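Quick notes on the structure that follows.
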């Protein structure tokens with residue numbers, strides 16, 4: 001199994017400046033590489049409480065501070081972006097990072113960002129599909145002739161710079177809709193399940209649908225590739241210590257949800273541990289839980305939250321070190337995984 005750290009760059013702490021928050025994100029990527037994580041992902045959101053509106057800029061800075069870790073977008077919201085401009089940004093980043101880039105694409109979430117970019121609920125999936133189809137052509141061909149609904153047509157258009165990787169691996173982020181799942185299966189691309197907000201079954205059903213559509217489109221079932229997220233992580237030598245340390249962090253998250261007008265699916269930490277994908281407990285408890293999820297998903301890649309989320313720097317580093325020393329080796333041994341792009 002491969003392991004990513006991912007951040008959506010939430011900014012909820014009024015005592016920390018925007019500059020400090022960005023520095024924390026970059027420092028966590030450096031730490032992730034130091035500790036042996038396989039990838040580091042930066043989300044894209046265009047509304048409060050996120051400051052992740054420009055992942056290629058953040059990832060470019062991370063690329064300059066690291067040398068080995070794969071760099072992921074989580075997700076690139078192609079439904080909101082001009083695919084030509086997105087291609088230019090990410091082709092540039094691909095070169096600057098020495099070909100360490102992997103994209104996770106999706107339509108994005110949130111009413112505010114849809115209003116910013118004049119995207120509606122009725123056309124967002126069509127925009128996502130159209131933008132991806134053009135982006136895919138641009139990555140593979142130096143000159144493209146194309147016509148669609150949502151941007152001006154291209155006639156033998158030339159795009160620069162040319163990317164380093166040919167082709168690039170593009171994952172499709174999946175949370176609730178079959179549209180992204182079908183698009184991934186159609187093109188033979190991997191799927192990354194959000195696996196954050198709800199109990200396991202809705203995500204497992206979408207992954208089963210992905211595998212059925214994969215076969216429908218004539219792809220070899222053995223080549224389907226799935227990743228999955230988690231809703232939080234904290235490991236300690238004992239489950240009691242892990243729960244005691246993480247409880248105020250979870251309670252603070254519930255309070256933040258309430259301030260934003262959101263109703264949490266899991267009202268207590270115990271419920272989230274029992275029914276959700278949050279990974280809080282001893283190393284063996286977390287290993288067992290990931291194996292249970294793997295039995296449903298068959299995933300080869302998973303992510304942990306990159307952010308400290310209220311842990312001290314010492315606690316954050318210690319729990320990531322514990323993951324790499326006591327959890328990851330067993331999961332790498334028992335759950336085979338194919339290389340990430342570029343390996």
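Since every read-out is calculated from the coordinates, none of them should be taken as a lab result. If you're wondering where the values come from, they're calculated on a predicted model, not measured in any experiment. In this analysis, Cβ positions are derived from the backbone assuming ideal geometry, glycine residues included, and neighbour counts consider all displayed protein chains.
Some notes on this structure:
- For the chain, alpha-carbon Rg over 2.2 N^0.38 Å: 0.97
- Kirkwood hydrodynamic radius (C-alpha pairs) into Stokes-Einstein, region 1-81, 37 °C and 0.692 mPa s, D in µm²/s: 254 µm²/s
- Using alpha carbons only, the radius of gyration of region 76-186 set against its Kirkwood radius gives Rg/Rh = 0.96.
- Taking max minus min of the alpha-carbon positions on each principal axis, region 129-263 gives extents of 62, 35, 30 Å, largest first.
- Spin-label pair residue 324/residue 247, simplified geometry with 7 Å Cα→Cβ offset, distance in nm: 3.1 nm
- Computed log₁₀ I(q)/I(0) - Debye formula, equal Cα scatterers, no solvent, region 88-131, q 0.16, 0.21, 0.23 Å⁻¹: -0.58, -0.77, -0.81
- Across 192, 150, 250, mean-square fluctuation computed from a Gaussian network of the chain (C-alpha pairs under 10 Å connected) peaks at 150.
- For residue 217 and residue 150, a Förster radius of 22 Å and the Cβ-Cβ distance give a FRET efficiency of 0.35, rounded to the nearest 0.05.
- Cα-based convex hull, region 221-342, per residue volume (Å³, whole number): 134 Å³
- Averaging the sequence gap over all C-alpha pairs within less than 8 Å and six or more residues apart, then dividing by the number of residues, gives the chain a relative contact order of 18 percent.
- DSSP bridge orientation in the chain - percent antiparallel, rounded to nearest 5: 10 percent
- For region 167-225, convex hull volume per residue from C-alpha positions, Å³: 72 Å³
- Choice from 103, 78, 262 with maximal GNM fluctuation in the chain (Cα, 10 Å cutoff): 262
- Candidates 257, 37, 323: whichever shows maximal mean-square fluctuation once the chain is modelled as a Gaussian network with Cα springs under 10 Å: 257
- What the pair-distance distribution of region 49-88 shows, using all Cα-Cα distances binned every 10 Å from zero, is 24, 53, 22, 1 percent.
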